[in-house]
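Take a look at the structure set out below.
The values are calculated or read from the model by the stated rules, or taken from the named source; none is laboratory data. None of the values given here were measured: they were computed from a predicted structure. Here the Cβ positions follow ideal geometry from the backbone for every residue, glycine too, while neighbour counts run over all protein chains shown. Just so you know, the surface numbers come from the protein's heavy atoms only, side chains and all, with ligands and any DNA or RNA stripped out. Shrake-Rupley method; radii C 1.70, N 1.55, O 1.52, S 1.80 Å.
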Amino acid sequence: MTTDRLMALDLLVSVLTAAAWVSAGVAATARRPRTAAALFAVALVASLARVWSVLALAGAGWWFVQEKITVVLPLLVAAGAAATALAGPRLLRAARADAASRDAVKAPAVVVPLLGAGYAAAAGIVQTFLIGYPADPGTALLLLAVAAGAVLGTWRAMSTHVPGLRTATAATAVAAVLGATLVFVPFAEETTAEGSAPGGTAAMGATGAASHAHSAAGESAPVMGGATRPVTDLRGPATPPPGGAVRRFTLTARTATVTLSSGRKVSAWTFDGQVPGPAITAVQGDLVEVRLRNADITSGVTLHWHGYDVPSGEDGVPGLTQEAVPPGGEFVYRFVAAQAGTYWYHTHEVSDLGVRMGLYGTLVVTPKGTATTGVDLTLPVHTFGGATVTGDRDQPLVRQAAPGTPVRLRLINTDNTPHRFTLAGTPYRLVAVDGTDLNAPGTLGRAGLRLAAGGRYDLAFTMPPGPAVLRIDDRTDSVRLVPSSTGDESAGASADAGAVPSAGGQTADWPELDLTRYGAPAPTPYTSRDHFDRDFTLVLDRGFALTNGRPMYAHTVNGQAFPDIPTEVVREGDLVRLTVVNRGRDTHPWHLHGHRVLVLSRDGRSVTGSPLWLDTFDVQPGEVWEVAFRAANPGLWMNHCHNLSHADLGMMLHLAYEGVTTPFHGAHSG
Ligand SMILES: [Cu+2]
């Protein structure tokens, strides 16, 4: 069984367990001994099943059961055993007895232990879903106190005399106060931060909005005795490398009403009045220079080059590498187009809203010396005004191409959630992922391609004699390529999209391609057998945590939310392993700025296909991804979930190179 299924089963069993214990108690109160006894038996079986489901889940890794083994199960087993010992014999006797003795089951000695076991089981569910990973002594004590308080309250409500009530109440109150102290008094948190930061360095203070209140460290970054450099010094060159051209662009961010291909109007935040923004293209080795101006986006705007390993000072993270550009302001980005491939750019200021509203565009760099032939379409897919929009079209794009023409489709997922693509009517290859070419990619036919939020796939094929159809999520035709008789592939969109039959048919049952098995192995600069200078584990979950200083039901990393998640500190040249564990029920497309990562394993299985270099990897519920990268791009970097609404709810942190400082603070870094 997959970890995801086991987690779901464990949840089901835990709810059933709590419900059975509580129902048994309620049935006893209602003088229904047979029903109560039957429910008691169900509760016992459910409790044993819970022990089994937790132990089975433990096989997926300690991260998935930490709070269950240390808090939830001990509480359940203790309360269940007490209920069995205290209430069990009386219940069974009453169930066999005549009506007159049935009142015996209503006694506190039966009801309180049964309900107590129910409270304990419910506390376990609260622990898992409201507090999450990792369980700490403070929250465990608080929960214990709440469950004990509920038991005492129930008992007191049923009986005027509760032996030892004062002592028990006092003990419960002490546990509650102690637990609350451990949870809310900051010294505990600082201990955690220091314990997690390698090299004994304190978590750096260059965080976000809450940094005013939260980090007295302010502008200081980790320093190990060496010289420091401000991130503002880590900029691109003013001139291109020999042989390269300068590609100049000016993008003006402004609000506008955008007209989709269907004629529908959507109010948007745009670059140059269009969604997506102007396409930025370059040839490998060029210098890209983009002047960003902000006309009227009041919350500010930046440009982040998603997947592109630009110098840190060009990365466009407000509050970390620059201030957000306010209305009337501007910022010039410069970087060498060193990587060929398909990328995109987007604002990083209030990015969840900003990107959703339209502040994004494409960045495509072609290899030097290769003339573009045939059809080469860059296709950012975005949910916009409730419609699935490819490029600027909410209707299928119809293009003619002469049979035999080479076709390249560059798919970019600019949404917060994954999309599934299918290409029907022709065999094809998935030639590049996140801008990097795959090694020896095989021919694909009836395959579903799941593309992570923020990720890119390049599909290549030769135009067949019949139509080829690219479809999104098995329902929206995105592109229909139709054979032209003239051989003029630039004929453009035909007037009547509906007249072109879809070659897709039913695609929903096409199996999903496993990228870790696709293509052929090739040498990589490092493998899972290497020694790693740094080893970071990120356990993704939900729970109550402070997010930018406000208590939220946050998306957490190791139990904390931005900006309280300890910064990962690396030294230039380090080989770094990142293990990302998802013990929640949401998919988290994990995105590290400034570095491509090499996938080592997914769910404990090594990559057996082409080496897989990604900048965004989709960590689905229950999955464990191990990736590695060389720390070769000094700076201060975001490391976050690219479901930007999750990032907004706390799921982001910083990766900092030793000695790099930032003069910025106080801005939102999402
Ligand atoms: Cu997420």
If each part is reduced to its alpha-carbon centroid, the stretch 1-34 and the stretch 53-125 end up apart, in Å, by 10
Cα convex hull volume per residue for the chain, in Å³, equals 181
Of the accessible area of the chain, computed with a 1.4 Å probe and all protein chains kept, carbon and sulfur make up a percent value of 58
Both in Å, the radius of gyration and Dmax of the C-alpha trace of the stretch 125-179 are 12.9, 40
Taking only protein heavy atoms and a 1.4 Å probe, the highest-to-lowest accessible-area order of 607, 77 is 77, 607
The answer for the chain, accessible area per residue at 1.4 Å probe in Å², is 39
With the charge dipole of the chain built from beta-carbon charges (+1 for Lys and Arg, -1 for Asp and Glu) about the Cα centre, the Cα from 6, 527, 427 projecting farthest to the positive end belongs to 6
Dipole check, the chain, charges on Cβ (K,R +1; D,E -1), about Cα centroid: among 130, 627, 145 the Cα furthest to the positive pole belongs to 145
Expressed in µm² per second, the diffusion coefficient of the stretch 252-366 from the Stokes-Einstein equation, with Rh the Kirkwood radius over alpha carbon pairs, at 37 °C and 0.692 mPa s, is 231
antiparallel share of DSSP beta bridges within the chain, to nearest 5, in %, is 70
With all protein chains in place and a 1.4 Å probe, residue 353 shows an accessible area in Å² (nearest 10) of 70
Under 5 Å from the placed amide H of residue 543, counting only residues 5+ away or on other chains, we find 554, 556
Taking Lys and Arg as +1 and Asp and Glu as -1, residues besides residue 410 with C-beta under 11 Å from its C-beta add up to 0
Using the Cα gyration tensor of the stretch 548-670, the equivalent ellipsoid's semi-axes, largest first and to the nearest Å, work out to 23, 20, 10
With every protein chain in place, the accessible area of residue 456 for a 1.4 Å probe, in Å² rounded to the nearest 10, comes to 0
Per-residue accessible area, 1.4 Å probe, largest first, puts 384, 184 in the order 184, 384
